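Input: a single structure, listed below in structure tokens.
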Amino acid sequence: MRERVILVRYGEIGLKGRNRPQFEKALVRQIRRALAGRPGVDVYRTPGRVWVEPGGDVEGALEALQRVFGVVAASPADRVPLDLDAISQAAATVLEEALAGEKGTGDEPVTFKVEARRSNKAFPLTSLELNQELGRRLLAAHPALRVDVHRPRITVGVEIRHDAAYVYARSVPGPGGLPVGVTGRACALLSGGIDSPVAVWMAMKRGLTVIPVHFHSPPFTSERSKEKVIDLVRILARWGGPLRLWVVYFTEIQRAIQLDCPPQLTITLMRRMMFRLAERIAAREGALALVTGESLGQVASQTLESIHTISRVTTLPVLRPLIGMDKAEIIDRAKAIGTYDVSILPYEDCCTLFVPSQPATRPRPEQAEAAERVRDWEPLLAEALDRSEVLELEEARAAGAF
Ligand code: ATP
Ligand code: MG
């Protein structure tokens, strides 16, 4: 029976010096999370490598690794004794499997190379000798192939370690990025829409631990709209959870804006209040940035003037991962992440409910400040935080698709 393990590849650019062990530890932690509950799974590091013992279900483990940020690719490898014949037999097997997956390209011969790496210097052949010897044997068995050391279609990897040799050719792409937790913490403003879940995902992809914050206005917004956001967070948690969701009680602030402020500024003022509250939550959570799903020019509240006037209320950096994306790209990404189907459910959001017919498209900071001067907001802001709910949410284990 074949003994199989998974070799995990991760990006090495920028991973010099002291960052590297920290990155690798976080990666191992995230892989353990993604594989939790699978019998027989083990995850460990050797210098420059992360390995997964997949238990019985290699394909299932490979699929789960596609949701671990930091993973560039994963290769299922055969573990064989430190014996040249055994290694060469395994190389033939993995090469043949890779060939079966190759689409024919007419008369062009399929190219390959062997790439050996010998950390066990007691093994009698050097890496170079292994490359040559294994390449020779593979060519003898498959005369139609060609060796191409620069741009091969198939690379047969061989790792010579102290316990065994590991041989692989298949490579399953991962999501790339950095393991969740390595770059810091940020609070993300999460609505029930299509965009902000994608923004959260992209922030997580760059290694941030994200604390989602949702503004909820019962009874104007229903319990269902809150559940929708919880569902979105559970889907996002598959990519690096658990996630702590703040559901902020926004009703009184919303009502006060509605009653006391010019209707064309409603959205601007609501967003300013959201940013103020998110900044306070960030302070409690040790977060150093806010994340939003804003893009440029999509709607009235996302003109540059509007973004400027809204951002003025916080000194935290506001990260807008979607700023360079078109709506169609955002939708495609939401589908790939798995949030799209939930996002398009119709439950109202506090912003959609209170949209004035003529929102200001170029609100100036002085206008917003003047409008806010009508009352003391501090008691309302404090109450909103006091009445917030904080939920620790585990990932949704979906049947089928994931
Ligand atoms: P989304 O699809 O994320 O709702 P949108 O295109 O509808 O975004 P806006 O309604 O202008 O855009 O919202 C801009 C951003 O403000 C959202 O991406 C989100 O980050 C934040 N936001 C809006 N409403 C809420 C809310 N109820 N709770 C938390 N954040 C919100
Ligand atoms: Mg929205």
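The values are calculated or read from the model by the stated rules, or taken from the named source; none is laboratory data. Keep in mind that what you see is a predicted model, and the values were worked out from it rather than measured. Here Cβ is always computed from backbone atoms with ideal geometry, including for glycine, and neighbour counts include all displayed protein chains. Protein only, heavy atoms only, side chains kept; ligands, DNA and RNA dropped before computing areas. Shrake-Rupley method; radii C 1.70, N 1.55, O 1.52, S 1.80 Å.
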Note: among Arg2, Arg45, just one is in a strand (DSSP E or B), modelled with pLDDT under 95 and open to solvent by 50 Å² or more (accessible area, probe 1.4 Å), namely Arg45
Item to complete: Confirm whether Ser191 is open to solvent by 20 Å² or more (accessible area, probe 1.4 Å), out of contact with any helix residue (DSSP H, G or I) (no Cβ under 9 Å at 6 or more places or on another chain) and among the small types (Gly, Ala, Ser).
Response: no
Every listed condition ((1) under 33 Å from the mean Cα position of the chain (by Cα); (2) within 20 Å of Gly48 (Cα to Cα); (3) not small (Gly, Ala, Ser)) holds for Leu128 save (1)
For the stretch 332-348, pairs from a residue that is in the same structural domain as Thr221 (by TED's automatic domain parsing) and within 17 Å of Arg397 (Cα to Cα) to a residue that is part of a loop (DSSP other than H, G, I, E, B) and open to solvent by 20 Å² or more (accessible area, probe 1.4 Å), with Cβ under 8 Å and 6 or more apart or across chains, are Gly338/Ala398; Gly338/Ala401; Gly338/Phe402; Thr339/Ile194; Tyr340/Ile194
Scanning the stretch 172-228 for residues that are within 24 Å of Ala74 (Cα to Cα) and of a type in the set (S, T, N, Q) gives Thr183, Thr209
Checked pairs for the stretch 173-199, first without any contact (Cβ under 8 Å) to a residue 12 or more places away in the chain and closer than 19 Å to Thr339 by Cα, second of a type in the set (Val, Ile, Thr) and more than 7 Å from ligand 1 (Cβ to nearest atom), C-beta under 9 Å and 6 or more apart or across chains, list as none
| query | Would you say Leu232 is crowded, with 24+ Cβ neighbours inside 10 Å and within 16 Å of ligand 2 (Cβ to nearest atom)? | reply | yes
Filter pass, Arg272 being at negative phi, in the same structural domain as Pro379 (by TED's automatic domain parsing), surrounded by 17 or more Cβ atoms within 10 Å (Cβ to Cβ) and touching a residue at least 40 places away in the same chain (Cβ under 8 Å):
yes
Exception for Thr303 within (1) within 30 Å of Gln66 (Cβ to Cβ); (2) open to solvent by less than 40 Å² (accessible area, probe 1.4 Å) falls at (1)
Take the conditions away from ligand 1 (no atom under 13 Å from the Cβ) and either of a type in the set (Phe, Trp, Tyr) or not in a helix (DSSP H, G or I) (or both) and apply them to Ser295. Does it pass?
no
For the stretch 248-269, the count of residues that are within 13 Å of ligand 1 (Cβ to nearest atom), open to solvent by 10 Å² or more (accessible area, probe 1.4 Å) and not in a helix (DSSP H, G or I) equals 1
The lone condition His214 fails out of (1) within 24 Å of Glu395 (Cα to Cα); (2) surrounded by fewer than 21 Cβ atoms within 10 Å (Cβ to Cβ) is (2)
Restricted to the stretch 194-211 and to residues being more than 14 Å from ligand 2 (Cβ to nearest atom) and among the aliphatic types (A, V, I, L, M), the residue most open to solvent (accessible area, probe 1.4 Å) is Met202
Q.
Going by what's in this entry, would Leu288 be described as open to solvent by less than 20 Å² (accessible area, probe 1.4 Å), of a type outside the set (Gly, Ala, Ser) and either touching a Cys at 6+ places or on another chain (Cβ under 8 Å) or modelled with pLDDT of 95 or more (or both)?
A. no
Over the stretch 96-154, the set of residues polar (S, T, N, Q) and open to solvent by 90 Å² or more (accessible area, probe 1.4 Å) is Gln132
